[in-house]
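**Q** Input: one structure, supplied below.
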Amino acid sequence: MIPFAYERAATVGEAVDRTGAPGSVLLAGGTELVNWMRLGVVGPSSVVDLKAVPGLADITADGGTVHIGPLAKLNDVAAHPLVAERMPVLTQAIHLAASGQLRYLATIGGNPLQSTRCPYFRSETPTPCNKRRPGSGCAARHGITDNQAIFGWTDDCIAVHPSDPGTALVAFDAVYTTRSAGGGRRIAARDLDTLPAEDPAAHNILRPGEVITDIEITGTAARSSYLKVRPRTSYEYARLPWRSCSISRTRWSDGRGSRSARWRCDRGGSTPPRSCSSGTASVPPLHSVPSRPGLPRRGRCRATTTRSSWLAMRSRGP
Amino acid sequence: MPLVHNVRTRLTVNREEMSVEHDTRLTLLDFLREHQDLTGAKKGCNRGECGTCTVLVDGRRVNGCMILLADLDGAEVTTVEGLAPQGALHPVQHAFIDNDAFQCGFCTPGQIMSAVGCIAEGHAGDNAEIREWMSGNICRCSAYPQIAAAVAQAAKDMRS
């Protein structure tokens, strides 16, 4: 890694100030940043640790709205009763993300902010990559396309956003509250990521010096589940050997007592939350999803969900 | 290589308190192996994928390669060397021997620390749960069935 200065922010305001300067980045769980620094993907001169700021890991409820602090560790979010009872899809998505050890480091705010990446992005030997070197092209487009995007891709980028929890947050229309020097804003989860058609070099819409301070989820979906297709029931990215997607299926009542059903089909695109829209329209069956030229339309893939959630889904009535 | 940016971190490693001035780039794993001679934790992938660097920080299992030491001010770190008092074996270590749960032994310290964490979390209920919750630890020798059996046995032993 190239040398960097390390400091701990005492307040969100300090973190906003310090990371607004060029070359300065925010450190949360570190499970993204430390690897990128080691590989030379990023080389900040200053790392500002957010974890000393009090109150950013709290999980609270305000009536029908749950507020999750961005620094809450993934395992802690998944285990919290408010999450497990009101939105089990998020608990399951978290449990299917990364590994048990990583989930004690990684945070719920940092996870959706992961870089959209593929093996060419990660390559230590420079290869064309519009995210690493804007304008250089996309080596993956005519290279090895295993597990790359099936929705939302362009010739400039076919990589996939890896976040499972982020997918579930979009299914819930979660809102990220941010603070920045200009004041801050509320960002709908589905708007967080940047599609390659909008800017192939960008990963998300956060600006330097913009810090997530809260993740807000309104409504409950006690009967919801997260389905992740993996080649093995193990710590693994969602895979696209043929066709696969992570589906959050929710049925919930809003305050007025009406019910709606939502499917979210993701992991197909560079920005999972927008790669396939939700709503009451049905998700096309896997075998009929349009393919890229040269790829087969049918194939087998293995959908797995956590065993406990499968049992829970089966035991629940219609 | 000259230190460019230093920071001071106070932490406890295997019940020993220490105060260390170090380069900001130093990871917990490198600190343990290179500076403390605690070579139980291994550097398998150095990117959080293999789990051979698993240690406990404040009782929770984490990948040592993914943590900057600077992040651990005030933390308590436990490595495999500090798992059991001198001359004794932890029930997990016993179970690994009883179930022939290692061949070359390279992944074993990480597996053991991860198993300690997994059992404490309550995720050793059955074989499927153990396999999923231990999937952050890779074994090239493929001792997985024996490792899972060891975790199950240790969980049972520790309950009684």
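**Q** Which distance in Å, rounded to a whole number, links the C-alpha centroids of the range B:53-93 and the range A:151-189?
**A** 34
**Q** I want to check the label-to-label distance for B:Ala128 and B:Met18. Put each point 7 Å from Cα in the C-beta direction and report it in nm to one decimal.
**A** 4.4
**Q** So which lysines can A:Lys228 reach, going by Cα to Cα under 24 Å and dropping same-chain residues fewer than 8 places off?
**A** A:Lys73
**Q** For chain B, report the accessible area per residue in Å² (1.4 Å probe, heavy atoms, rounded to an integer).
**A** Per-residue accessible area for chain B comes out at 46 Å².
**Q** Using protein heavy atoms only (no ligands, DNA or RNA), what is the total accessible area buried between B and A, 1.4 Å probe, nearest 100 Å²?
**A** Details: alone 8710 and 14860 Å², together 20760 Å².
Result for this pair: about 2800 Å² buried.
**Q** At a 1.4 Å probe, which residues in the range A:6-55 are at least 50 Å² less accessible with all protein chains present than in their chain isolated?
**A** A:Tyr6, A:Arg8, A:Arg38
**Q** Would you work out what percent of the accessible area of the range B:1-149, with all protein chains in place, is carbon or sulfur (probe 1.4 Å)? Before the final figure, lay out each step's value.
**A** Values: 3140 of 6600 Å².
C and S atoms contribute 48 percent here.
**Q** What ranking do B:71-84, A:117-130, B:127-140, B:10-23 get when scored by the average of other Cβ atoms within 10 Å per residue, highest first?
**A** So the order, starting with the most tightly packed, is B:127-140, B:71-84, A:117-130, B:10-23.
**Q** For chain B, calculate the relative contact order in percent as a whole number, restricting contacts to Cα pairs under 8 Å that are 6 or more residues apart. Mind dumping the intermediate values first?
**A** Details: 285 pairs, mean separation 36.5, N = 160.
Relative contact order, chain B: 23 percent.
**Q** Counting only heavy atoms of the protein chains, get the accessible area per residue of the range A:1-92 (1.4 Å probe) and round it to a whole Å² value. It would help to have the intermediate numbers written out before the result.
**A** Details: 3380 Å² over 92 residues.
Ligands and nucleic acids excluded, the result is 37 Å² per residue.
**Q** What accessible area per residue, rounded to a whole number of Å², is obtained for the range A:126-183 using a probe radius of 1.4 Å?
**A** Using a 1.4 Å probe on heavy atoms only, each residue of the range A:126-183 averages 38 Å².
**Q** Can you compute the charge dipole magnitude of the range B:40-160 about its Cα centre, using +1 on each Lys and Arg Cβ and -1 on each Asp and Glu Cβ, nothing else charged? Give it in debye, rounded to the nearest 20. Spell out each step's value before the answer.
**A** Values: 9 positive and 13 negative charges, 59 e Å.
Roughly 280 debye for the range B:40-160.
**Q** Per residue in the range B:63-99, which ones lose no less than 30 Å² of accessible surface when going from chain alone to all protein chains (1.4 Å probe)?
**A** Buried-area filter returns B:Asn63, B:Met66, B:Leu68, B:Ala70, B:Asp71.
**Q** Please name the residues of the range B:108-122 whose accessible area, counted over protein heavy atoms with a 1.4 angstrom probe, falls by no less than 20 Å² between the chain alone and the full protein assembly.
**A** B:Glu121
The values are calculated or read from the model by the stated rules, or taken from the named source; none is laboratory data. Please read all numbers here as calculations on a predicted model, not as lab measurements. Neighbour counts run over all protein chains shown; Cβ positions are idealised from the backbone, glycine included. Keep in mind that these areas ignore ligands, DNA and RNA; they rest on the heavy atoms of the full protein, side chains included. Shrake-Rupley method; radii C 1.70, N 1.55, O 1.52, S 1.80 Å.
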